[in-house]
Every structure is written in structure tokens, then in C-alpha cells.
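Down below is the structure, laid out as C-alpha cells.
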């Protein structure tokens with residue numbers, strides 16, 4: 001079974017193009033039967049339906065998943081996707097081809113990825129740059145300083161750098177006899193849109 005990728009997308013652009021894309025997606029997800037028969041658990045929200053509605057061949061555009069939480073609010077269209085292994089970058093590229101005024105921001109994470117991905121360099125929609133995954137749950141942080149402050153009651157960190165943080169976590173991990181306690185830091189990798197299309 002493939003590892004899942006979870007992607008949050010925010011799209012900006014001319015209102016008529018945003019409304020057109022939103023309308024297509026909303027009508028697709030409200031259908032009683034999917035546009036194309038598929039084996040997904042939300043068959044009307046399968047990404048292949050959207051690829052087809054946008055005039056492309058779903059065999060040629062990666063669409064191995066579904067969307068949810070579709071919303072058009074304050075000049076921004078947003079939705080999330082759940083896909084197998086990888087984010088739906090080719091679908092986002094197709095959306096930009098069909099609606100040239102639209103630009104998108106995303107944040108993506110996967111079950112077994114070492115990092116998170118975003119193209120939101122300025123942090124407009126996705127400001128977080130660190131994820132702390134621990135036995136206490138998931139916590140997202142904007143700065144390294146925030147991470148260090150959060151972890152300081154639990155571990156001793158001799159410095160203000162990512163390397164020092166990694167060293168402190170490794171040392172802390174060696175002292176843990178209880179296998180249920182863990183701390184994993186994932187950094188957000190900021191990609192340019194050019195890197196996405198390579």
C-alpha cells in the first residue's frame with residue numbers, strides 16, 4: 001500500500017477564474033455518480049474527475065487521490081488533497097494552464113517523509129517551518145526559537161541552531177528506556193514553482 005501524501009492548497013487570482021474552478025469542483029463533488037467510474041472512497045471527489053472536467057486525460061495527469069474541504073472565501077479558493085505517495089503537482093500545473101491568472105500556494109506532508117514541502121516562501125498561508133512529532137502529538141512552529149522553547153522543559157539544548165537541536169534530541173533519545181517516548185523534528189523545505197515542474 002502506498003504511503004499517503006496530504007496537501008493543503010490555497011489559490012489566488014482573478015475572481016471569474018476562481019469562481020469557475022470552484023464551480024466545477026463543487027458540481028463534481030455534488031454529483032450522485034462520479035464523472036468517471038473509479039474505486040476511490042469519495043468517488044465524486046476523485047482528482048481524475050477534475051482532470052477530465054478541465055479537458056485533460058486523467059491517464060496523463062497524476063490524480064491518485066481525492067480532494068476535500070473545498071471553500072471559496074475572501075478571494076481565495078482552498079482545498080486539501082489526500083493522494084498516494086506524492087502531492088498532485090501535475091494537477092496544479094494543469095489548473096494554471098486552464099486558468100492562467102491563478103497562482104497557488106501549498107503545503108504538503110507525507111506519512112514517511114523527512115520534511116514537509118511548501119512553495120509559500122513568505123508564509124502568507126503556510127507560515128510554519130517546523131513540525132515536532134512526538135509522543136505528545138503534533139505541533140507546528142514558525143521559528144526555531146519557538147521549537148527550542150517548546151522542547152526546553154523536556155530536553156537540554158546547548159545552543160540555538162538546528163545542529164545543536166539534533167544533537168540534544170539524539171542524546172535525549174539514548175536515555176529513554178520507554179519506547180513510547182519520542183521526538184522527531186521535520187523541517188519545511190521551501191520549493192520554487194520552477195522546481196515543482198522539473
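Every number in this text was worked out from the coordinates using simple rules, so none of it is lab data. These figures come from a predicted structure and were not determined experimentally. In this analysis, Cβ positions are derived from the backbone assuming ideal geometry, glycine residues included, and neighbour counts consider all displayed protein chains.
Given segment 4-116, what whole percent of its Cα pairs are spread farther than 22 Å? Pairs farther apart than 22 Å: 26 percent.
Per residue of the chain, what 222 nm ellipticity follows from adding -39500 (n - 2.57) for every DSSP H run with n ≥ 4, rounded to the nearest 500? Don't skip to the end; give the middle numbers.
On the way: 6 runs with 58 residues, N = 198.
For the chain, the value works out to -8500 deg cm²/dmol.
Relative to the compact-globule scaling 2.2 N^0.38 Å, provide the ratio for the alpha-carbon radius of gyration of segment 57-144. Kindly include the intermediate steps, with their values, before the conclusion.
Values: Rg = 14.6 Å, N = 88, 2.2 N^0.38 = 12.1 Å.
Rg over 2.2 N^0.38 Å, computed on Cα atoms: 1.21.
Note on residue 97 and residue 135: the model spin-label points, each 7 Å out from Cα along the C-beta direction, lie 5.0 nm apart. Computed over every Cα-Cα pair of the chain and binned at 5 Å starting from 0, the pair-distance distribution P(r) comes out as 1, 7, 14, 17, 16, 13, 10, 8, 6, 5, 2, 0 percent.
Values of log10 I(q)/I(0) for segment 130-187 across q = 0.19, 0.23, 0.31 Å⁻¹ run -0.62, -0.93, -1.58, by the Debye formula with one identical scatterer at each alpha carbon and no solvent. Extension gain, residue 113 to residue 152, is 11.5 nm, computed as 0.36 nm per intervening residue step minus the present C-alpha separation. Comparing Cα centroids, segment 1-80 and segment 100-154 end up 24 angstrom apart. Taking the number of Cβ atoms within 10 Å of each Cβ as an exposure proxy, the fewest-first ranking of 157, 184 is 184, 157.
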